[in-house]
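Written out below as structure tokens is the structure these notes cover.
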Amino acid sequence: MLNIAVLVSGSGSNLQAIIDEMKKGEINGKIVTVVSNKPDVYALKRAEDNNIPTKVIVSKGNNDFDKELLSHLKELKVDLIVLAGFLCILKGDILKEYSNKIINVHPSLIPSFCGDGFYGLKVHEAALNYGVKVTGATVHFVNEITDGGKIIIQKAVYIKEGDTPEILQRRVMEEAEWKILPQAVKMICNGGL
């Protein structure tokens, strides 16, 4: 059974999707910690409601953020790190220590609308401004290039007439992110990847 750390920065809807899938008993893993880089985010309440230990390591202005995070992960013998709406770029020793053991969900079909500066509504605004007819989400391994790691799984979502960035963001989460992120976790934990 793999020990999983889920890193969050917001509401935790992707975290909830993983928790819901784990409750079905089909993932050979356990979330041993939910770490947020911001205090008072709803994701921490989701974790607490499911009896999952939480930790806040504030990233803004914290030069020791990477060291504190790595120490926490090693202390809990974490095998897999899942970035679920984590709005902080990991670098240095964490990437070396957890090479091919960190995954992220990104709200587009990589290589479109990804990389530095593409997160949250900015991704959906860019897709709508460009006029693409299909967008989606990607789960990929994390490396030193923002959104540049090997792709694990993707799911397409069609853009509809009248979509706003907010409407599109919600549909991409519901139709793609909440499905493929738990699926990727299951694949890794169950030895299918």
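The values are calculated or read from the model by the stated rules, or taken from the named source; none is laboratory data. Fair warning: this is a prediction, and the values are worked out from it, not measured in the lab. Counting neighbours? That spans all protein chains shown, and the Cβs are built from the backbone with ideal geometry, glycine included. Quick note on the areas: whole protein, heavy atoms, side chains included, nothing else; ligands and nucleic acids left out. Shrake-Rupley method; radii C 1.70, N 1.55, O 1.52, S 1.80 Å.
Remarks
- Condition met for Ile188 (free of Cβ contacts under 8 Å to residues at least 24 places away in the same chain and farther than 16 Å from Leu109 by Cβ): no
- Scanning the stretch 38-56 for residues that are more than 26 Å from Met1 (Cα to Cα) and in a loop (DSSP other than H, G, I, E, B), we see that the one that is most open to solvent (accessible area, probe 1.4 Å) is Asp40.
- Selection within the stretch 163-179 - buried (at least 21 other Cβ atoms within 10 Å of the Cβ) and of a type in the set (Val, Ile, Thr): Val172
- Verdict on Asp116 being among the charged types (D, E, K, R), out of contact with any Leu (no Cβ under 9 Å at 6 or more places or on another chain) and either surrounded by 14 or more Cβ atoms within 10 Å (Cβ to Cβ) or modelled with pLDDT of 95 or more (or both): no
- Count - residues of the stretch 145-158 that are buried (at least 19 other Cβ atoms within 10 Å of the Cβ) and either in a helix (DSSP H, G or I) or touching a Gly at 6+ places or on another chain (Cβ under 9 Å) (or both): 2
- Residues within the stretch 129-175 that are at positive phi and touching a strand residue (DSSP E or B) at 6+ places or on another chain (Cβ under 9 Å), tallied: 2
- Of all residues making up the stretch 57-98, the number that are open to solvent by 70 Å² or more (accessible area, probe 1.4 Å) and in a loop (DSSP other than H, G, I, E, B): 8
- Checking Lys101 against (1) loosely packed, with under 14 Cβ neighbours inside 10 Å; (2) basic (Lys, Arg); (3) modelled with pLDDT of 95 or more, the condition it does not meet: (1)
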